[in-house]
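Working notes, structure below.
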Amino acid sequence: MQTPVVFDGHNDLLTRLFGAPDGPESVAGEGQGAIFAPAARAGGFKGGFFALWVPSPGDVVARMAAMQGDGYDMPLPDMIAPEEARQVVEAQIAIFEELVRLGHLVHCRDVAAIRTALDGDAMAAILHLEGAEAIGPDLGELDGYYDRGLRSLGPVWSRETIFGHGVPFRFPSTGDTGPGLTDAGLRLVRRCDELGIMLDLSHLNEAGFWDVVRTTTRPLVATHSNAHAISPHARNLTDRQLDAIAESDGMVGLNFAVAFLRPDGRMRADVGLDVMLRHLDHLIGRLGEDRVGLGSDYDGAMVPEGLASVADLPKLRAAMRDHGFDATLMEKLCHGNWLRLLERSWS
């Protein structure tokens with residue numbers, strides 16, 4: 001069950017390969033991560049948004065352990081210096097370009113290129129910046145990245161930038177955790193609108209979310225977020241936020257990260273596909289069938305044990321079909337809605 005093919009709202013393959021002993025050429029085989037060329041072929045995974053992300057220092061194992069309890073409030077990581085961020089972003093762009101050169105990815109700057117790539121052997125790839133630390137307040141770097149093919153941007157990850165504030169890894173909590181966009185953040189939103197760079201609101205706190213609502217002229221998009229009504233995590237979207245996204249004719253991609261799926265918020269992989277279906281039902285109920293897709297967070301998060309890699313996506317398709325999703329809705333959720341959204345976001 002490899003169809004309909006999946007075009008996905010978010011993955012962290014570039015971060016996984018950044019600094020790893022095995023370079024971009026390893027994507028041709030199989031390894032420890034979630035996205036490899038053979039696994040993509042086996043699972044009908046045809047690409048999506050490939051994130052450029054600057055990791056924060058710290059004990060990842062300790063943070064993961066802390067998120068397995070009944071509740072938690074992880075402190076926000078410190079801001080990243082612009083020079084450090086630019087070095088990491090440049091290194092990950094080099095990895096992206098090498099994956100293109102090796103024939104694993106097709107760099108897509110418009111929807112026509114995505115549609116062509118979906119019929120080919122390589123994965124269709126949108127270059128996405130997750131957290132805008134590499135961009136200065138005058139936004140000069142933004143125009144440079146656009147010229148190099150950047151077409152999607154999240155102003156923040158879960159830490160402060162000069163543009164705004166991200167939500168912490170906190171459960172239970174809403175995303176109402178701090179102030180909104182700065183003046184530089186408002187300029188960033190307007191410039192992205194002018195260029196046709198899609199804005200991703202997934203890590204932005206509630207105040208920042210509503211600042212974007214009041215500022216942007218484009219559809220509201222959260223590439224990898226879930227329903228707060230089912231999992232009351234700070235990273236998830238309230239019904240009020242979902243209604244605003246629906247009103248803008250925007251979109252939400254279902255995040256596979258277990259802490260944002262589970263009603264108890266725990267970072268544990270023993271999650272049934274029924275929980276993912278509950279989120280999909282809620283998102284479809286608030287947004288409609290044309291505004292929901294997948295935003296896996298593969299290679300950047302702990303995912304349900306039955307969906308460890310993109311080769312396992314047929315299990316999710318089977319569960320969706322058994323749940324009653326017909327062929328038309330399946331195609332929308334797996335890739336059609338993302339293409340529809342991008343046609344309007346990039347116009």
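Annotations for the structure displayed:
- Calculated FRET value between LEU102 and ASP147, using beta carbons and R₀ = 22 Å, to 0.05: 0.45
- Diffusion of region 1-114 by Stokes-Einstein, at 20 °C in a medium of 1.002 mPa s and with Rh set to the Kirkwood radius over alpha-carbon pairs, works out to 132 µm²/s.
- With all protein chains kept in place, the per residue accessible area of region 240-323 amounts to 34 square angstrom at a probe of 1.4 angstrom.
- Correct option for Rg/Rh (Cα atoms, Kirkwood Rh) [calculated from the coordinates] among (1) 1.06; (2) 0.92; (3) 0.96: (2)
- Spin-label model distance (nm) - GLU289 vs ASP59, 7 Å beyond Cα toward Cβ: 5.1 nm
- Cα gyration tensor shape for region 114-227, rounded if a/c is under 1.5, else prolate or oblate: oblate
- Near the amide H of LEU105, within less than 5 Å, lie the amide hydrogens of VAL100, MET123, all on another chain or at least 5 residues away, with H placed in the peptide plane.
- Spin-label model, ALA94/GLN2: points 7 Å from Cα along the beta carbon direction are separated by 3.4 nm.
- Residues whose amide H lies under 5 Å from that of LEU52, counting only those 5 or more places away or on a different chain, are HIS128, LEU129, GLU130; hydrogens are built 1.01 Å from N in the peptide plane.
- FRET E, pair ALA112, ASP326, Förster distance 30 Å, beta-carbon r, rounded to 0.05: 0.65
- ASP249 accessible area, 1.4 Å probe, all protein chains in place, Å² to nearest 10: 40 Å²
- For the set MET302, MET74, the ranking by accessible area, highest first and with no ligand, DNA or RNA atoms included, is MET302, MET74 under a 1.4 Å probe.
- Region 242-308 gives an Rg/Rh value of 1.00, both radii derived from C-alpha positions and Rh following Kirkwood.
- Per-residue 3J(HN,Hα) values for region 131-140, derived from phi via the Karplus relation 6.51 cos²θ - 1.76 cosθ + 1.60 with θ = phi - 60°, read x, 9, 4, 7, 10, x, x, 7, 6, x Hz in sequence order (x marks Gly and Pro).
The values are calculated or read from the model by the stated rules, or taken from the named source; none is laboratory data. Just so it is clear, the structure is predicted and the values come from calculations on it, not from any experiment. In this analysis, Cβ positions are derived from the backbone assuming ideal geometry, glycine residues included, and neighbour counts consider all displayed protein chains. Only protein heavy atoms, including side chains, enter the accessible area calculation; ligands, DNA and RNA are left aside. Shrake-Rupley method; radii C 1.70, N 1.55, O 1.52, S 1.80 Å.
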